[in-house]
Amino acid sequence: LFDISVHDNLIHGTACDGLNFATVDPSQGVVEAYNNVIYDVGAGPDPADGSSDYAGIYVANITNAGSPGSGNVHLYSNTLYDCGARGTGAAGAIARAAGPVGIQMEDNLVVAVSGESYFSGDLSALAGSNNLFFGVAASVPSVLTGTITRDPLLVAPAMNDFHLQPGSAAVDTGIATPAVIDLDGNPRPQGSAFDLGAYERVP
């Protein structure tokens with residue numbers, strides 16, 4: 001599968017993955033996710049037929065039919081909060097199984113809560129820049145450049161409001177991506193540069 005754009009969604013409350021990209025071939029056409037808010041996913045329990053995967057976004061490198069794909073799944077301008085609490089298998093905010101399909105990511109905002117991780121699996125084909133990670137002491141892979149590890153000052157995450165407050169480290173610290181409209185329908189940028197995550201802060 002290719003020419004897939006998953007965008008402008010609120011994804012929450014799933015026992016397993018929030019998004020699972022399997023049987024994809026980005027080399028033939030874009031496979032991307034942007035302007036999604038993914039929260040409270042991957043907490044389990046295991047499905048009735050056995051264990052599963054528990055990530056916010058999972059690039060599974062599984063091919064159900066046809067030849068294996070190649071290229072990168074592109075993740076940009078997404079907000080992920082409280083993903084992968086189950087903590088087994090592919091878990092955390094972003095997961096990738098070994099294989100030919102990699103991950104390219106920019107302008108994402110990831111907040112993990114106690115006991116969770118930012119990444120899991122094989123990260124040898126991970127690239128990108130200008131992402132924010134906050135909440136746990138886990139290190140972020142050095143292949144990601146321009147990483148921010150400060151509090152994004154979300155408005156009210158406990159109430160599922162993931163907009164940005166004034167002074168957020170996510171404001172004006174992104175790079176230009178194709179997500180020129182945010183999840184609320186506001187044009188990007190509102191300041192000197194794109195904001196990180198699914199929402200642009202509107203002055």
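The values are calculated or read from the model by the stated rules, or taken from the named source; none is laboratory data. Just so it is clear, the model here is predicted, and its values are computed rather than measured. Using ideal geometry, Cβ is built from the backbone for each residue, glycine included, and neighbour counts are taken over all protein chains shown. Side chains included, ligands, DNA and RNA excluded: accessible areas come from the protein's heavy atoms. Shrake-Rupley method; radii C 1.70, N 1.55, O 1.52, S 1.80 Å.
Determine the relative contact order of the range 62-122: mean sequence separation of Cα pairs under 8 Å and six or more apart, normalised by residue count, in whole percent. Can you show the working numbers first?
Working: 110 pairs, mean separation 24.9, N = 61.
This gives 41 percent for the range 62-122.
Determine, from the Cβ-Cβ distance of THR23 and SER114 and an R0 of 25 Å, the FRET efficiency 1/(1 + (r/R0)^6), rounded to the nearest 0.05.
Details: r = 34 Å, r/R0 = 1.37.
Given R0 = 25 Å and the Cβ-Cβ separation, E is 0.15.
On the accessible surface of the range 148-203, probed at 1.4 Å, how many percent belong to carbon and sulfur atoms? Here it works out to 56 percent.
All other residues whose Cβ lies under 14 angstrom from that of ILE11 are scored, Lys and Arg at +1 and Asp and Glu at -1, for a net of -4. Each 10 Å bin from zero holds the following percent of Cα-Cα pairs in the range 1-76: 20, 44, 32, 4.
Put SER51, SER5 in order of accessible area, highest first, and with a 1.4 Å probe you get SER51, SER5.
Working with all protein chains in place, sort PHE162, PHE2 by solvent-accessible area computed with a 1.4 Å probe, largest first. Intermediate results must be reported in sequence, preceding the final value.
Values: PHE162 5, PHE2 85 Å².
Ranked from most to least accessible, the order is PHE2, PHE162.
Across the chain, C-alpha contacts under 8 Å between residues 6 or more apart give a mean separation that, scaled by the residue count, equals a relative contact order of 17 percent.
Can you give the charge dipole size of the chain about its Cα centre, rounded to the nearest 20 debye, using +1 on the beta carbon of Lys and Arg and -1 on the beta carbon of Asp and Glu? The partial results should precede the final answer.
On the way: 5 positive and 21 negative charges, 68 e Å.
In total the dipole reaches around 320 debye.
Secondary structure note: in the chain, about 5% of the DSSP beta bridges are antiparallel. Here THR177 sits with roughly 20 square angstrom of accessible surface, probe radius 1.4 Å.
With all pairs of separate Cα atoms included, the range 63-159 yields a Kirkwood hydrodynamic radius of 14.1 Å.
Using the heavy atoms of the protein chains alone and a 1.4 angstrom probe, what is the accessible area of the range 160-203 per residue in square angstrom? If you can, show how the numbers build up before the last one.
Numbers: 1920 Å² over 44 residues.
Heavy-atom accessible area per residue stands at 44 Å².
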